[in-house]
Amino acid sequence: MTTLADLDELALALPETTRELDHGRPHWFVRGKRFACHRGRRKDAVDRATGEPLDDVLMFRVADLDVKELMLADPRGVYFTTPHFDRYPAVLVRIGDLRRIDRDELRELVVDAWLSRAPKRVAKEWLAEQG
């Protein structure tokens, strides 16, 4: 079971990562490139039961659209997308669904998002350090 605090800790442990707040919502960057964020309300992401815009959506970059499709096929339904993200390499996760992801999976999600945006040299050095 993971939380937004775990996400913050894992993201900030990666080289050259910064966190900025936009209307109180965290956005994580590597060298100025966003790799994850807590999205604001958007009319394209609504609660199925109430029709109200969701206020608890996280966005994570992924390597490419093939990876996105694999994640969307996860039978747990943790990962989703909206029309706004059609043809864009990113998946969405509700903050409440973080509890359905263990720390290793969250770490992999964050690292993969970071790797998709990190400068090649920085990513290569970090990967070499990890063995």
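Residues checked against (1) assigned to a strand (DSSP E or B); (2) farther than 20 Å from GLU129 by Cβ; (3) of a type outside the set (Gly, Ala, Ser):
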| residue | (1), (2), (3) |
| --- | --- |
| LEU7 | no, yes, yes |
| ALA11 | no, no, no |
| LEU14 | no, no, yes |
| PHE29 | yes, yes, yes |
| ALA36 | yes, yes, no |
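Could you check how many residues of the stretch 16-49 are at pLDDT 95 or above, among the hydrophobic types (A, V, I, L, M, F, W, C) and more than 15 Å from the chain's Cα centre (by Cα)? Total satisfying the criteria: 1. Close contacts from the stretch 97-108, counting a first residue that is closer than 14 Å to VAL62 by Cα and a second that is of a type in the set (A, V, I, L, M, F, W, C), with Cβ to Cβ under 7 Å and a gap of 6+ residues or different chains, come to LEU106/LEU7; LEU106/LEU10; LEU106/LEU98; ARG107/LEU10.
Enumerate the pairs (first residue in the stretch 48-60 and more than 12 Å from THR82 (Cβ to Cβ); second residue anywhere and assigned to a strand (DSSP E or B) and basic (Lys, Arg)) with beta-carbon separation below 6 Å, excluding pairs fewer than 6 apart on the same chain, so at least 6 apart or on different chains. Hits for this filter: ASP56/ARG94. Against the test of being in a loop (DSSP other than H, G, I, E, B) and surrounded by fewer than 18 Cβ atoms within 10 Å (Cβ to Cβ), the options GLY77, GLY96 yield a single qualifying residue, GLY77.
With respect to (1) farther than 21 Å from ASP6 by Cα; (2) surrounded by fewer than 16 Cβ atoms within 10 Å (Cβ to Cβ); (3) among the hydrophobic types (A, V, I, L, M, F, W, C); (4) in contact (Cβ under 8 Å) with a residue 12 or more places away in the chain, the lone exception for LEU70 is condition (4). Condition test on ARG31, is it among the charged types (D, E, K, R) and surrounded by 13 or more Cβ atoms within 10 Å (Cβ to Cβ)? When the stated conditions are applied, ARG31 does not pass them.
The values are calculated or read from the model by the stated rules, or taken from the named source; none is laboratory data. Keep in mind that this is a model prediction, so the values were computed, not measured. Counting neighbours? That spans all protein chains shown, and the Cβs are built from the backbone with ideal geometry, glycine included.
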